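Working notes, beginning with the structure itself.
The values are calculated or read from the model by the stated rules, or taken from the named source; none is laboratory data. Keep in mind that this is a model prediction, so the values were computed, not measured. As a convention, Cβ positions derive from the backbone with ideal geometry for all residues, glycine included, and neighbour counts pool all protein chains shown. SASA here: full protein model, heavy atoms, side chains in, ligands and nucleic acids out. Shrake-Rupley method; radii C 1.70, N 1.55, O 1.52, S 1.80 Å.
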Amino acid sequence: MGIFMARTDAIVLGAGIVGVSVALHLAKRGLAVALLDRGDPGQGTSYGNAGIIEGNTLFPAKFPAGLGALLRIALKRAPEADYHVAFLARVAPWLLAFRRNSAPERLVDTMQAMRPLFSRAIGEHAALMAESDAERYLRRTGWLKLYRSDAGLAGTARERAIAAEIGIPLRVLDMEAARALEPSLAPVFRHAVFWEQAASVSNPLAVTRAYAARFKALGGVILRGDAMRLHQSAGRWRVETAEGPVDAEAAVVALGPWAPDLLEPLGIKLPLGIKRGYHRHFRPRGNAGLARPVLDAETGYCLAPMEQGIRLTTGAEFAARDAAPTPVQFARIMPAATGLFPLGDPVEERPWMGARPCFADSRPVIGRAPGQGGLWLAYGHGHLGLTLGPVTGRLIAEMMTGETPFCDPAPYRAERFG
Ligand SMILES: Cc1cc2nc3c(=O)[nH]c(=O)nc-3n(C[C@H](O)[C@H](O)[C@H](O)COP(=O)(O)OP(=O)(O)OC[C@H]3O[C@@H](n4cnc5c(N)ncnc54)[C@H](O)[C@@H]3O)c2cc1C
C-alpha cells in the first residue's frame, strides 16, 4: 500500500488522553488529522491513573507545609512522597518554584486560573463519552477523602470555605456517615469530606481507546512512529511514520512527560518537572467493594475501584523519568491501606509506573509554541491530566480553528515562564 494520506491539516504527536482528545476535537471541526504515537493509544501515563475526573479541584497539590512533614520525606519515611538522592540537585530549582507557588495567596491564584478548565471537565468528558459509546465507564459517585486526625480535617477549612463561596457542594462526614457510603472501609479514620460532584472512570485505558475509536470513525488516522522525527519541510511540519511521511500545516505536541525530548532541541525549554507515581491492583477480599475512589489524605494514597481490581495509587516520587522503578512507597503505604480496606492478592507481578508531567505552577501549557510557526503545545497536566484531557482538546481546537475560545487561554501560555 502506498502513502494513503501524505497531507493533512494537523499532526497530533502523542496519543494519551490529551492527544486523543485534541485529535478528536480537531476532527469534529472537519480537519484532516493524523494522530501519531510510538505505541497504541492510552498506554503511557494515561494508562495508570486513579481514574478521578476532578471537576471540583480548587487547590493543587502543594509543597509540604511544616518542618515535620519535610523531615519525614527527607528521611524517606513519608508514605506520600519519595525521591532519588542523585536527582535532588537537578530538581531543586523546580522544587523551589513549587514551594513559592504553594504560598496561600498563590494557591488562590492557581485556583482562579484553572477554574474555567476544571469547571467544564466532567461535562466535556460526558459529551465525548456519549458520542464514543463510553458512558458505561463513567461513575457520578463523587470521591471521598478521609482524615485520620482532627488536624487533617481542619487543614481543609479554607478550601471548604472557598467551595461554599463558589457553590461547589461537599459534605463533611463523621466516620459513621462515611461508612454508610462505603461499608467496606474499616473504622480507622475520624472524618471524611465527600466531594459529591466529582466523577471517576472504571477503566482509563478503555476511555482513551473509545475516544480514539471515535476519532477514527470521523475519518482521523492513527499512525505509529517516532515523534522525535518531526521536522520542517518546505514550511510545513513533517514526520516519518511506519506508513510513510505525513505533513501538515500544524502540529500539536501532546507528548506528556516526553514533550521536552522533542521541544528542547527546537529551542523551547520550559521547566517541566516529573512526579513519578505507581499503581497496583488488588483483589478485594470476600464481597468487599468500593463505589468511588477513596483518598487516605494524610497517608497520601488512593484506592480506586477499577475493572481490573482495586487500584492502589501512590503519591509523588521525585526521580528521573527514565530511572529504574523504585516502588518503595508501597512498603510504607500497605499497612495503612490493608488496615483501611480488605485488600487481597495483588493482580500483577509488579507495580505499574508512570510519570506525571508537572509545571511548578500547576497549570498545563496549552497554546502556540513560542518561535515556531504552526507548532502548538498541549502538555504538563500533572496530577489531573485525565480530568483535563477533553477540555484541553476543546480549547486548543477552538484556538487552532479561529473560533472564540470558551475561556481566556492566557493563563496557559508557554510565555508565562519568561
Ligand atoms: C499514579 C497516578 C495517578 C493519577 N491519577 C489521576 C487521576 O485520578 N485523575 C487525573 O485527572 N489524572 C491523574 N493522573 C495524571 C494523569 O494520568 C496524567 O496527567 C495524564 O495521563 C497525562 O496525559 P498525556 O496525554 O499528557 O500523557 P501520556 O498519557 O503519557 O501520553 C503521551 C503519549 O506520548 C507517546 N510518546 C512519547 N514519546 C513519543 C515519541 N518519541 N514518539 C511517539 N510517541 C511518543 C507515549 O507513548 C504516550 O502515549 C495520575 C497520574 C499518575 C502517575
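If you check Gly389 against the conditions, is it open to solvent by less than 10 Å² (accessible area, probe 1.4 Å), within 16 Å of the ligand (Cβ to nearest atom) and either out of contact with any Cys (no Cβ under 9 Å at 6 or more places or on another chain) or not in a helix (DSSP H, G or I) (or both)? Yes; evaluated as a whole, the condition is true for this residue.
Of the residues screened, Arg356 is one that is more than 23 Å from Val188 (Cα to Cα), open to solvent by 20 Å² or more (accessible area, probe 1.4 Å) and in contact with a Ser or Thr (Cβ under 7 Å, 6 or more places away or on another chain).
Would you please name the residue that is least open to solvent (accessible area, probe 1.4 Å), looking only at residues in region 161-181 that are touching a helix residue (DSSP H, G or I) at 6+ places or on another chain (Cβ under 9 Å) and assigned to a helix (DSSP H, G or I)? The extreme case among them is Ile162. Residues that are in a helix (DSSP H, G or I), at pLDDT below 90, touching a strand residue (DSSP E or B) at 6+ places or on another chain (Cβ under 8 Å) and β-branched (Val, Ile, Thr) do not occur anywhere in region 116-127.
May I ask you to verify whether Leu295 is closer than 30 Å to Ser184 by Cα and in contact with a Cys (Cβ under 6 Å, 6 or more places away or on another chain)? Answer is yes for this residue. Between Leu223, Leu272, Leu266, the distinction of being within 13 Å of the ligand (Cβ to nearest atom) and closer than 22 Å to Pro370 by Cβ belongs to Leu272 only. Checked against the criterion of being of a type in the set (S, T, N, Q) and over 18 Å from His383 (Cβ atoms), the candidates Thr141, Thr110 yield just one match: Thr141.
Met129 meets each of the listed conditions (1) touching a residue at least 60 places away in the same chain (Cβ under 8 Å); (2) open to solvent by 50 Å² or more (accessible area, probe 1.4 Å) apart from (2).
Any residue at all in region 65-76 that is free of Cβ contacts under 8 Å to residues at least 40 places away in the same chain, open to solvent by less than 40 Å² (accessible area, probe 1.4 Å) and farther than 25 Å from Leu255 by Cα? Taking every residue of region 65-76 in turn, at least one turns out to be free of Cβ contacts under 8 Å to residues at least 40 places away in the same chain, open to solvent by less than 40 Å² (accessible area, probe 1.4 Å) and farther than 25 Å from Leu255 by Cα. Among strands (runs of 3 or more DSSP E) entirely within region 248-336, having at least 2 residues that are open to solvent by 10 Å² or more (accessible area, probe 1.4 Å) and farther than 28 Å from Val391 by Cα singles out 272-284.
For region 31-49, a tally of residues being near the ligand (Cβ under 8 Å from one of its atoms), open to solvent by 10 Å² or more (accessible area, probe 1.4 Å) and not acidic (Asp, Glu) returns 9.
Annotation for region 295-308: at least one member residue is among the acidic types (Asp, Glu), modelled with pLDDT of 95 or more and either within 20 Å of Ala192 (Cβ to Cβ) or in contact with a His (Cβ under 7 Å, 6 or more places away or on another chain) (or both). Scanning region 238-247 for residues that are in contact (Cβ under 8 Å) with a residue 24 or more places away in the chain and either assigned to a strand (DSSP E or B) or buried (at least 19 other Cβ atoms within 10 Å of the Cβ) (or both) gives Val239, Thr241, Gly244, Pro245, Val246, Asp247. Residues in region 200-237 that are open to solvent by less than 70 Å² (accessible area, probe 1.4 Å), hydrophobic (A, V, I, L, M, F, W, C) and assigned to a helix (DSSP H, G or I): Leu205, Ala206, Val207, Ala210, Ala212, Ala213, Phe215, Ala227.
Within region 51-60, one or more residues are more than 22 Å from Val365 (Cβ to Cβ), within 15 Å of the ligand (Cβ to nearest atom) and modelled with pLDDT under 95.
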